[in-house]
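The values are calculated or read from the model by the stated rules, or taken from the named source; none is laboratory data. Small disclaimer: the values here were computed from a predicted structure and weren't measured. All Cβ positions, even for glycine, are placed from backbone atoms using ideal geometry, and neighbour counts span all protein chains on display. These area figures cover heavy atoms from the full protein model, side chains too; ligands, DNA and RNA do not enter into them. Shrake-Rupley method; radii C 1.70, N 1.55, O 1.52, S 1.80 Å.
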Amino acid sequence: MDTGEIVNNKSAVRVLVLDDEPFMLKLLARMLTNLGYAQVSTCDNGHAALERVDDSDRSPNLILLDLNMPQMDGVEFARRLVEHHYAGALILVSGEDERMQQSVEKLVRAHKIPVLGHLHKPASPEGLAVLLEKWTAPTQDDSSGAPKKNSTKKIYTADEVRAAIANGELVNYYQPKVVIATGEVVGAESLVRWQHPQDGMVFPDQFIGVAEANGLIDDLTRVVLDNALAQIRRWEESGLKLRVSINVSMDNLASLDFADFVAAQVAAAGVSPQSVVLEVTESQLMRDARAPLEILTRLRLKRFKLSIDDFGTGNSSLAQLRDIPFDELKIDQSFVHGAWANDTLRALFDSSLSLAKQLGMETVAEGVEDRADWDFLRRTECDLAQGYFIARPMPAGDLSAWIQSWQKTSIDLI
Ligand code: C2E
Ligand code: CA
Ligand code: CA
C-alpha cells in the first residue's frame, strides 16, 4: 500500500452525526460504534454542528447529515459548510424518494463537497457500512477528504495550440459505433488527441476551448477532417466500409463558406458525403442564429449526415429538432449509463428515443460502459451503441484487429 495515503483507516475517521431527532442520533451513533468507529459525536442542530466544524481540535472529516431539520435544513447546512471551509465528506440521510435524493446530492456536489452516498431512513448497519467504506483520508496535497482526483489539468496557450496544429501533432482516435441488434460495426467517431512532445497524450477538453476562443478552430477542424478523410479512404481500400463522424464546433458554423469548404475537401479526397457524419453539440447550437441553420441545411442537401450530439443536455432541444434536418440523434451518456437502474434516467432516455423515432432519426446511445447498460439497450429500440464497454477510442491502425476480436466476443452479447 502507498504509505503516504491512509485508505479508510477507521481510527482516522472523525464522524459527526447531525439529526434533529434524538432517537436517530442515538441509533446512528450506536451503529457507528458497533462498526468500529470510535470517534463519533452528535449534534441536533446545524448551528451547533458548524461550531464543531470550526473547532480545529474536534472538527469532523465525515458528517452524517439529516436533510429534514426544522431550523437549518440539510441543504442550507451543506452550503454553510463551504463558508466554514469544511474539508471532509458527507453522507446524506433522509426518507426522501430517489429523485429528491439525487437532486440534493447534485446540489451538494456542486459545492465541491464529496458525497459518499445517501442513507435511506430507516437506516441499516449494512447500508451504512457500505457508504463508510468509501471514505478516504485526505492526502497531503489534497485536504478535501474526497476520493483522489486527477491533478489539475494544464491549460495551453493559443500559441501552443497553434503550433500543435501547424506541426501535425494532432491525431484522430476512433471509437466504434455498433448496431445493437446485430453487433455489426457500422461507424466510428473521430476524437482528436494531441500527441504532445513533452506532456504525452493531451485530451480535447484541454485545447478545443482554447482553439475556439482564439480563432483556431477552423484550422483544427480542417486537420481533423483531412485526417479522417484520408483514413476513410484507407479503410475503404482495405475493404472496410465505415461511416466516420467528425465533431463540428459551433464556431465552425459561423462562416458561411464552411459547407463549401467541407464539400470541396470530401470531393478532393474521393470520399462520398454519405460516409461522413457531422456531429454538432446541441448546447452550443443555442447561441444563434441563421448562419448555422443555413450551413447545416446546405450540408444536408449535399448528402452529408447530420447528428445532434449530447442530446438532452441543452435547453433548446426541441427547437433545434424542429429547425435542423438531423439524421441521427445521440442520447447523451448521462441518460444512458445506469439508466437501467434509475427511473428518472430511464424516462429521459425513453422520451429522447421516442422523439427521435417519431422524427425518423437514427439513435445512438453514448456512454455504454458496462454489460448492464448493454443488456438494457438490447431491450429498447435504440439503433446504435458507443462506449467503453464496446471499445475505447483507439488509433486508426488498431481498428481492424479490434473488429476481429469484437466479432468473436459479441456473439455472446446478441
Ligand atoms: P463527445 O463528442 O461527446 O465525445 C464523446 C466523449 O466521451 C469522448 O471524450 C469519449 O472518449 C468519451 N467516451 C466514450 N465512451 C465513453 C464511455 O463509455 N463513458 C464515458 N464516461 N466516456 C466515454 P473525448 O475524446 O475526451 O472528447 C471530449 C469532447 O471533446 C467530445 O465529446 C467533443 O465534444 C470534443 N471533441 C473531440 N474531438 C473533437 C474535434 O475533432 N473537434 C471538436 N470541435 N471537438 C472535439
Ligand atoms: Ca461527438
Ligand atoms: Ca456526445
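What to note about this one:
- Among the candidates Gln284, Gln358, Gln333, Gln320, residue that is within 16 Å of ligand 2 (Cβ to nearest atom) and at pLDDT 90 or above: Gln333
- Residue tally, condition at negative phi and away from ligand 2 (no atom under 13 Å from the Cβ), over region 166-213: 31
For every residue, the table says whether it meets (1) among the aromatic types (Phe, Trp, Tyr); (2) open to solvent by 20 Å² or more (accessible area, probe 1.4 Å); (3) farther than 19 Å from Val185 by Cβ.
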residue: Arg303; (1), (2), (3): no, yes, yes
residue: Phe311; (1), (2), (3): yes, no, yes
residue: Ala319; (1), (2), (3): no, yes, yes
residue: Gln333; (1), (2), (3): no, yes, yes
residue: Glu369; (1), (2), (3): no, yes, no
residue: Cys382; (1), (2), (3): no, no, no
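- Test: residue in region 261-281 that is over 22 Å from Pro393 (Cα atoms), within 16 Å of ligand 3 (Cβ to nearest atom) and not assigned by TED's automatic domain parsing to the domain that holds Asp97: no
- Qualifying residue in region 402-409 (condition: open to solvent by less than 70 Å² (accessible area, probe 1.4 Å) and free of Cβ contacts under 8 Å to residues at least 40 places away in the same chain): yes
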